[in-house]
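Here the structure comes first, spelled out in structure tokens, and everything after it is commentary.
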Amino acid sequence: MNYRTHLLPFPNRPPKYILAGVFAACVGLVACGGGTEEQAKPAPAKPAVRATLISTAQAQVTRIEVVERSVGELESIFIPEVSAEVEGRVVAGYVKAGERVEPGQLLVEIEAEDYTIAARAAEAEVAQLSALRNNQARTVKRYTKLKEEKLISTDRYDEAQAQLSALDEQLKASRERLKQKQRGLTKTRVLSPYKGVVDAELASIGDFVKVGDPLLRITKIDTLRARLPLPETLAPKIRKGLEVKLVSPLDPETTVVSEIMEIRPTVGTSNRAVDVLSLIDNPGKWLPGASVTGSIILDTREKAVTVPLAAVVLRPAGKVVYVVEDGAARQQVVQVGEYINGKVEINFGLSGGETIAVNGAGFLTDGSPVTIEGS
């Protein structure tokens, strides 16, 4: 039997439906095997939440002072010009600009010869009138006895009495002229009226000066005035009597406590500032024209809540602090007031005594677990 006649011829490539079936069977076997492995794997564990390391502080109830600082200038309240009270030629000057002077110290001398002569003449006139008056007084005394004895007429006695009264008046006038001449003589020696510093020399030796001509300008330094400019927005808060603490670089170790004496009634056109004035006694080294820093206490609050400045952070809800309770940080919206020495006043949101996150507060969110530093 010829077997070849009964065999079906195979093509060079298997038919497409055979390949498709084989591929589907393989995919099924792989899928079944993969499903079994996945069902055997355990579910992954959730990662642990990491706590934020922070430092804390207590919200404190304390007394605070609302302070406004300003840099101003020291002024002399008296800067008069020492002027000549008599006319004459300047013959000597004993002080220079920048020198300190004391009350009664000799500053300038004006030629005194004419005034010495005038004073001597006045003295002679007084002596002459005194002699005439004394002689007339003796005459009146003698006439009085004669009148009592009726040896002279009443008219003669009255005439002698009138001459005595006239001489008395002339003598009074002469003595007043003598005082005036003697006073003019003393004015040729110009003395310092008070303690101060010579600011300028306004006349030189050899100058002829008249009454009222300036000789020196002396700055009074024992009492000074501090002028402090403040922003015009503070004008409603400023009033007389507010305490002022003053410090000058001339003596930085010394602080002078004063108060506002006067408030300038107009706003400066160049700096839009209101000037406040305070009078002080010179502590010793301060000078007019020097700068001075003033701290003005605008208000005092006895029970203010304060927290460290780093505890207040900005969030979409506004300014907040994080109150630490049971190992977690709770967000608390606050309203802030004054910033004082690294702390901030809380006007609303805290009552005092709360534990507040400080360092690390900027990394927190509401409900974040925290670890307190050092605990």
If a residue has to be buried (at least 17 other Cβ atoms within 10 Å of the Cβ) and touching a Pro at 6+ places or on another chain (Cβ under 9 Å) to count, how many in region 262-289 make the cut?
-> 4
Matching residues in region 156-202 (closer than 22 Å to Ser130 by Cα and under 60 Å from the mean Cα position of the chain (by Cα)) number 12
Within the bounds of region 175-187, is there any residue that is touching a residue at least 40 places away in the same chain (Cβ under 8 Å) and under 30 Å from Pro288 (Cβ atoms)?
-> yes
Evaluate the following for Thr219: is it of a type in the set (Ser, Thr, Tyr), over 19 Å from Ser278 (Cβ atoms) and under 34 Å from the mean Cα position of the chain (by Cα)?
-> no
Checked against (1) under 16 Å from Arg189 (Cα atoms); (2) surrounded by 12 or more Cβ atoms within 10 Å (Cβ to Cβ), Gln128 satisfies every condition except (1)
In the set Val71, Val90, which member is surrounded by 13 or more Cβ atoms within 10 Å (Cβ to Cβ) and of a type in the set (A, V, I, L, M, F, W, C)?
-> Val90
Within region 187-206, the residues that are farther than 14 Å from Ser83 by Cα and at pLDDT 90 or above are Ile205, Gly206
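The values are calculated or read from the model by the stated rules, or taken from the named source; none is laboratory data. Note that the coordinates shown come from a computational prediction; the quantities given were computed from them, not determined experimentally. With ideal geometry, Cβ positions are generated from the backbone for all residues, glycine too; neighbour counts draw on all protein chains shown.
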